Amino acid sequence: MSRKTLNIGLFGFGCVGYGLYQVLEQTKGLKANVKTICVKNKDKKRQIAEEYFTYDKNDILNDPSINVVVELIDDADAAFEIVKEALQKKKAVVTANKKMIAEHFTELLELQRKYEVPLLYEGACCASIPIIRNLEEYYDNDLLESFEGIVNGSTNYILTQTAVKNISYAEALKEAQEKGYAESDPTLDTGGFDAKYKLLILIAHAFGIVVKPWEIFNLGIDNISDVELAYAREKNLKIKLVAQAFKNAKGEVSCFVIPKFVDAQSRLYNVDDVYNGVITKTTFADTHFFLGKGAGAYPTASAVLSDISALTYDYKYEYKKLNQEEELHLNQNVLLKVLLRHRKEDVGIYTVYFEDISESYLNHHSGFIIGTISLDNLKAISGKPYLKHSVILFEPVPEGKKISEPLSLAALS
Ligand code: HSE
């Protein structure tokens with residue numbers, strides 16, 4: 001089969017954009033070359049010859065010789081406009097912009113269908129791990145029950161560095177930024193939003209469920225204090241930011257992003273620093289484990305390169321699960337066993353939100369509760385800015401336990 005020659009118009013020349021340029025330079029077998037690079041900042045000194053660069057997006061979008069647009073900018077709104085226009089002009093698109101994809105998933109599906117051009121985005125989830133293509137292709141004939149994973153490199157780096165090297169949260173975050181792992185707005189990482197966008201994309205390819213970002217609950221790592229870290233250390237556990245999705249007996253899917261205690265038996269336990277890891281569970285194959293670098297210039301560029309390479313043989317996502325006969329739905333009515341750390345003075349507030357409490361502890365400043373809480377009640381307390389707490393998940397509670405109605409605001413007054 002003869003492969004297409006690709007003429008690339010690249011948007012963005014930051015950490016990943018330059019990484020991709022270097023990786024393409026070293027991949028001689030691939031018939032793909034960067035023709036034009038569109039950037040925003042005219043004053044920034046560039047690492048390669050000036051004649052590549054333009055500041056006008058139309059120099060790429062209106063160039064008929066460019067058949068592939070690679071979008072690697074970090075402004076999700078501007079990225080969507082570029083991707084939309086490129087698809088409308090029947091140019092194939094490769095992007096790693098998870099926020100943009102998650103916020104516009106339905107429109108992007110429609111654009112691909114209408115203009116019959118591929119949009120590939122392996123680099124958007126877990127950087128170097130080929131997880132989207134595996135969920136899309138490999139698990140087609142298998143019964144995928146669940147997946148869980150560490151899908152954000154920056155937070156894993158921060159959690160590893162603070163727990164192992166005993167450096168401060170701020171120092172670890174600064175290191176993650178310097179190494180090019182973090183988003184320009186690092187609260188997307190530390191607040192669990194980046195992981196949520198990735199989870200949204202993964203459930204579309206794993207289960208054929210398309211949701212809006214606000215339908216997935218996310219907690220980040222920014223409220224974790226010494227109390228939880230000391231608890232983890234004492235019990236020989238690690239705290240990891242985990243995105244998970246699982247089917248119940250009725251085939252409904254629950255999913256969320258919450259920091260989680262991971263024990264030494266879990267394959268996520270040794271996924272440290274910038275590495276990501278995903279465990280899939282299927283009915284007949286049992287579990288698989290994917291491991292790889294989850295952020296950084298070259299790991300992300302390698303996934304973008306793989307997408308570019310796939311375009312040379314006309315690969316596109318078929319969204320097989322979206323087109324399956326049996327439509328799956330989200331069911332966020334689940335119970336979770338968690339540790340909730342709170343301020344000493346708030347000790348009385350939280351107990352009403354728990355289904356049951358198995359352990360509690362109080363010192364001079366703070367305390368914690370270990371017990372079972374519904375995801376709805378967790379959302380309710382997390383939405384109240386005057387409550388200061390952190391939550392670490394042990395495990396979702398298996399189905400079969402009765403879940404109370406979510407508590408109203410009145411429960412707090
Ligand atoms: N900020 C992201 C992360 C980059 O740390 O995982 C890769 O998606």
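The values are calculated or read from the model by the stated rules, or taken from the named source; none is laboratory data. Computed from a predicted structure; not experimentally measured. Heads up, the Cβs are rebuilt from the backbone with ideal geometry, glycines too, and the neighbour counts pull from every protein chain shown. SASA here: full protein model, heavy atoms, side chains in, ligands and nucleic acids out. Shrake-Rupley method; radii C 1.70, N 1.55, O 1.52, S 1.80 Å.
Figures for the structure shown
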quantity: Yes/no for Ile158 being within 12 Å of the ligand (Cβ to nearest atom) and within 12 Å of the chain's Cα centre (by Cα); calculated: no
quantity: Residues being of a type in the set (A, V, I, L, M, F, W, C) and away from the ligand (no atom under 16 Å from the Cβ) - total across the stretch 146-155; calculated: 1
quantity: Verdict on Thr162 being over 21 Å from Glu395 (Cα atoms) and free of Cβ contacts under 8 Å to residues at least 60 places away in the same chain; calculated: no
quantity: Test: residue in the stretch 223-239 that is within 16 Å of the ligand (Cβ to nearest atom) and either under 24 Å from Leu119 (Cα atoms) or in contact with a Ser or Thr (Cβ under 9 Å, 6 or more places away or on another chain) (or both); calculated: no
quantity: Residue count for the stretch 123-145, restricted to those that are within 11 Å of the ligand (Cβ to nearest atom) and part of a helix (DSSP H, G or I); calculated: 2
quantity: Flag for Glu171 being charged (D, E, K, R), more than 12 Å from the ligand (Cβ to nearest atom) and open to solvent by less than 10 Å² (accessible area, probe 1.4 Å); calculated: no
quantity: Check on Leu291, open to solvent by less than 50 Å² (accessible area, probe 1.4 Å), in a strand (DSSP E or B) and at pLDDT 95 or above; calculated: no
quantity: Any hit, the stretch 250-259, residues being open to solvent by 60 Å² or more (accessible area, probe 1.4 Å) and more than 16 Å from the ligand (Cβ to nearest atom); calculated: yes
quantity: All positions within the stretch 174-188 that are more than 10 Å from the ligand (Cβ to nearest atom) and in contact with a helix residue (DSSP H, G or I) (Cβ under 7 Å, 6 or more places away or on another chain); calculated: Glu175
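Table: residues versus (1) assigned to a strand (DSSP E or B); (2) closer than 30 Å to Asn67 by Cβ; (3) not assigned by TED's automatic domain parsing to the domain that holds Leu340.
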| position | (1), (2), (3) |
| --- | --- |
| Gln265 | no, no, yes |
| Thr280 | yes, no, yes |
| Thr287 | yes, no, yes |
| Thr300 | no, yes, yes |
| Ala303 | no, yes, yes |
| Ser309 | no, yes, yes |
| Tyr313 | no, yes, yes |
| Asn323 | no, yes, yes |
